[in-house]
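Peer 1: The structure follows.
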Amino acid sequence: MVSPVASMTPPAGGDQPPFGTSPATGPTENRGMEMAGLQQLGVVIKALERILPLVGAASDSGKDVLKALNSLSKHVPAGSVTPAAEQNQLQQAQIRSVQAGQQAAQLRQQQAQPGGAAPPQAAAA
């Protein structure tokens, strides 16, 4: 006779995938994130366009810049990055830079203190 508990548990190597891994529960695309990424890519393309005259198209680095421009520009339509969008990207990058600098200063300050915070260690078992 089969016990009631054994009959309630699914077979170990059954035909069903583990719970939560079926295609019905797959991730949904976030078009907003994709568009934000393409907008940032457009800013990168503009930066590469500004770099090209500085390094010269005939130089080795210039050839690589041209290759990158040709490859990346396929994904971003011309004129899709407005001056306002570019300004927003630059402001966000500046904010992130300031925040990173503040965090680095805090870390240096903590490390400079005598007997300062020691790095966390794993507890002995």
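Peer 1: What pairs come up if the first residue lies in the stretch 69-90 and is of a type in the set (A, V, I, L, M, F, W, C), the second is loosely packed, with under 11 Cβ neighbours inside 10 Å and assigned to a helix (DSSP H, G or I), and their beta carbons are under 9 Å apart, counting only those six or more places apart or on different chains?
Peer 2: Partner pairs satisfying both residue conditions: none exist.
Peer 1: Every residue in the stretch 56-65 that is among the aliphatic types (A, V, I, L, M) and surrounded by 16 or more Cβ atoms within 10 Å (Cβ to Cβ), please.
Peer 2: Val65
Peer 1: Residue under question is Ile45, and the condition is that it be assigned to a helix (DSSP H, G or I), loosely packed, with under 15 Cβ neighbours inside 10 Å and touching a residue at least 12 places away in the same chain (Cβ under 8 Å); does it hold?
Peer 2: no
Residue-wise test of (1) modelled with pLDDT of 90 or more; (2) touching a helix residue (DSSP H, G or I) at 6+ places or on another chain (Cβ under 9 Å).
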position	(1), (2)
Leu66	yes, yes
Ala78	no, no
Pro83	no, no
Val98	yes, no
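Peer 1: Considering only the stretch 57-93, state which residues are within 20 Å of the chain's Cα centre (by Cα) and hydroxyl-bearing (Ser, Thr, Tyr).
Peer 2: Listed by number, the residues that qualify are Ser71, Ser73.
Peer 1: Residue pairs, Cβ under 6 Å, 6 or more apart or interchain, first in the stretch 100-125 and in a loop (DSSP other than H, G, I, E, B), second surrounded by 10 or more Cβ atoms within 10 Å (Cβ to Cβ) and at pLDDT 75 or above. List them.
Peer 2: Gly116/Gln110; Ala117/Gln110
The values are calculated or read from the model by the stated rules, or taken from the named source; none is laboratory data. Just so it is clear, the model here is predicted, and its values are computed rather than measured. Cβ: placed from backbone, ideal geometry, glycine included. Neighbour counts: every protein chain shown.
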